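Student: What follows is a structure written as structure tokens; I'll ask about it next.
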Amino acid sequence: MPALHLPEAWLEQPVRTVLIGAGGTGSHLVGALMALDHALRALGHPGGLQVTVYDPDRVSSANLGRQAFWPVDLGQNKAVTLVQRANLTLGLDWVAVPHAFRVSARTLDGYDLILSAVDRAKVRAEIGRLATRRRDDAARPVLWLDTGNSDREAQIVVGHWRASRKTVWIPNVYQLYPELADLTDRHPRQPSCSAAESLTRQWLPINRLVADLAQSLLWTLFRQGQLERHGAFVDLATLSVHPLRADPEVWASFGWGGVRGAP
């Protein structure tokens, strides 16, 4: 059975990581990445994670509690608030960009790990369209971990965004869910006026649980060197978590069969 393997360079130097979105799941992902960075360094990793966080939004009262923000953060940019917290707490030099992420191959190419936690399907589709298999056998792999959720359900998928032709390609979220390209206009964002209103639409634990599962995938990848399960599907109503196996038959059930010719 195929598996998603840890790039060797990730054990030899800081892992350049970009987090796109610092809202519901993204804000909790920052905390998850802090813990992962601290654990890796404690185990002797040379540099841990080097994280850049993008988000244009400011903290509002509707964000408090459900996202990783509190009254003291009101009015502040989300990315800046979270990165300052990480840097002050752990003595890091992570970077905050208080703007929307502009998807480009050149920008994404500068990272080792892409984390997307945005509710705009267009952004995720744009990232997916740029996924490439390089002819150069020595091409540096780039992994893409995407998170998405509704009010009580979620999915986490990690796969390749770039890899060499000799690598067994593990499909990313866009290859399993190509319909992301068609969801932009049909699923507009619905702003909340208060934390109470926000919580009536979305279950409180969903974003933190998604971030914890994403952290678990990355931790397993670092500690075991590979992932035989490269994602998960969550349903809070039934308290169920189902793994996404790295299996061509499973991928075929999504309509994707490009193991040899991917992407």
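Student: Run residue 132 past the list (1) hydroxyl-bearing (Ser, Thr, Tyr); (2) surrounded by 22 or more Cβ atoms within 10 Å (Cβ to Cβ); (3) modelled with pLDDT under 95 and report the number of the one that doesn't hold.
Tutor: (2)
Student: Show the residue pairs that are 6+ apart or on different chains and have beta-carbon atoms under 9 Å apart, the first residue being within segment 32-57 and more than 14 Å from residue 83 (Cα to Cα), the second being among the hydrophobic types (A, V, I, L, M, F, W, C) and in a strand (DSSP E or B).
Tutor: 36/49; 40/15; 40/49; 45/15; 47/15; 48/15
Student: Which numbered condition in (1) of a type outside the set (S, T, N, Q); (2) without any contact (Cβ under 8 Å) to a residue 60 or more places away in the chain; (3) on the phi > 0 side of the Ramachandran plot is the only one that residue 213 fails?
Tutor: (3)
Student: crowded, with 21+ Cβ neighbours inside 10 Å and over 20 Å from the mean Cα position of the chain (by Cα): does that describe residue 51?
Tutor: In short, no.
Student: Based on what the data block shows, is residue 25 of a type in the set (Val, Ile, Thr), outside any loop (DSSP other than H, G, I, E, B) and in contact (Cβ under 8 Å) with a residue 60 or more places away in the chain?
Tutor: So residue 25 fits the description; yes.
Student: Checking the structure you have, find out if any residue of segment 111-123 is closer than 26 Å to residue 221 by Cα, of a type outside the set (Phe, Trp, Tyr), at pLDDT below 95 and in contact with a His (Cβ under 9 Å, 6 or more places away or on another chain).
Tutor: Looking for residues that are closer than 26 Å to residue 221 by Cα, of a type outside the set (Phe, Trp, Tyr), at pLDDT below 95 and in contact with a His (Cβ under 9 Å, 6 or more places away or on another chain), one finds at least one in segment 111-123, hence yes.
Student: Quick one: is residue 147 assigned to a helix (DSSP H, G or I), β-branched (Val, Ile, Thr) and either more than 23 Å from residue 12 (Cβ to Cβ) or more than 12 Å from the chain's Cα centre (by Cα) (or both)?
Tutor: The answer is no for residue 147.
The values are calculated or read from the model by the stated rules, or taken from the named source; none is laboratory data. No experiment lies behind these values; they were computed from the predicted model shown. When we count neighbours, we look across all protein chains shown, and the Cβ atoms used for this are built from the backbone with ideal geometry, even at glycine.
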